[in-house]
Amino acid sequence: MKSRILTFEPELEAIIRKCQYCNLAMVDLNGKPYVVPMNFGFRENVAYFHSGPEGKKLDILKRNPEVCIAFSTDHLLRWQNTEVACSYSMKYRSVLIHGKVEFITEMTDKEEALNVIMKQYTDEDYKFSEPALKNVAVFKVNIEQIEGRVYGY
């Protein structure tokens, strides 16, 4: 069974919406890959993230904002013959996004972005205190390139 490439935007967004987290990949200050699992929000072809106000991830992203975000869901082990190891495979749906990080510093924009993130996990709108907004780094990634694959479905 071959994987199928996805290009239909609503199908790609449906996969993203189904994910509980994503993996944010970047290149560290020594040119080495660095990947972290992250909670996220997604709206109108923009992925939103939040983080503590300082740390390795932010240091990297400030120097090199180029990232790749991996979303993957619907994992299911399948096989043709339980006694033949090579007949096993994993069904999945996945999306990769490439883009550049843009930091959000305006308080009202931070609050809006944080609510986009919360909408990924709840149906609620939230109010954030000024100290909470000042103590969090918020950033977004506009899609420059998107690709999806599905295998076994």
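FYI, it's all coordinate maths here, none of it is from the lab. Computed from a predicted model, the values in this text were never measured in an experiment. Quick reminder, even Gly has a Cβ in these numbers, built from the backbone with ideal geometry, and neighbours come from all protein chains shown.
Taking the stated definitions as given, is residue 71 touching a strand residue (DSSP E or B) at 6+ places or on another chain (Cβ under 8 Å), touching a residue at least 24 places away in the same chain (Cβ under 8 Å), under 29 Å from residue 5 (Cβ atoms) and not polar (S, T, N, Q)? Yes: the conditions hold for residue 71. Mind checking which residues of the stretch 1-18 are surrounded by fewer than 17 Cβ atoms within 10 Å (Cβ to Cβ) and over 12 Å from the mean Cα position of the chain (by Cα)? 1, 2, 3, 4, 5, 7, 8, 9, 10, 11, 14 - these are the residues of the stretch 1-18 that are surrounded by fewer than 17 Cβ atoms within 10 Å (Cβ to Cβ) and over 12 Å from the mean Cα position of the chain (by Cα). Figure legend. Inter-residue proximity from the stretch 135-153: first residues more than 17 Å from residue 48 (Cα to Cα), second residues buried (at least 19 other Cβ atoms within 10 Å of the Cβ), beta-carbon distance below 6 Å, spacing 6+ or different chains. Indicated pairs: 148/12; 148/95; 149/94; 150/93. Taken together, 135, 81 contain a single residue that is over 23 Å from residue 36 (Cα atoms) and surrounded by fewer than 16 Cβ atoms within 10 Å (Cβ to Cβ), which is 81.
What residue, among those in the stretch 108-127 that are without any contact (Cβ under 8 Å) to a residue 40 or more places away in the chain and within 12 Å of residue 139 (Cα to Cα), is surrounded by the fewest Cβ atoms within 10 Å (Cβ to Cβ)? Checking each candidate, the answer is 109. Annotation note: Cβ proximity below 7 Å between a residue of the stretch 8-26 that is closer than 13 Å to residue 141 by Cβ and a residue that is aromatic (Phe, Trp, Tyr) and assigned to a loop (DSSP other than H, G, I, E, B) (sequence gap 6+ or interchain) occurs for 22/40.
State which residue is nearest to the chain's Cα centre (by Cα) when the search covers only the stretch 103-132 and only residues that are in a loop (DSSP other than H, G, I, E, B) and either among the hydrophobic types (A, V, I, L, M, F, W, C) or closer than 16 Å to residue 21 by Cα (or both).
Looking at the filtered set, the residue picked out is 122.
Tell me, please, whether a residue that is in contact (Cβ under 8 Å) with a residue 24 or more places away in the chain and part of a helix (DSSP H, G or I) can be found in the stretch 83-97. Checked the stretch 83-97: no residue is in contact (Cβ under 8 Å) with a residue 24 or more places away in the chain and part of a helix (DSSP H, G or I).
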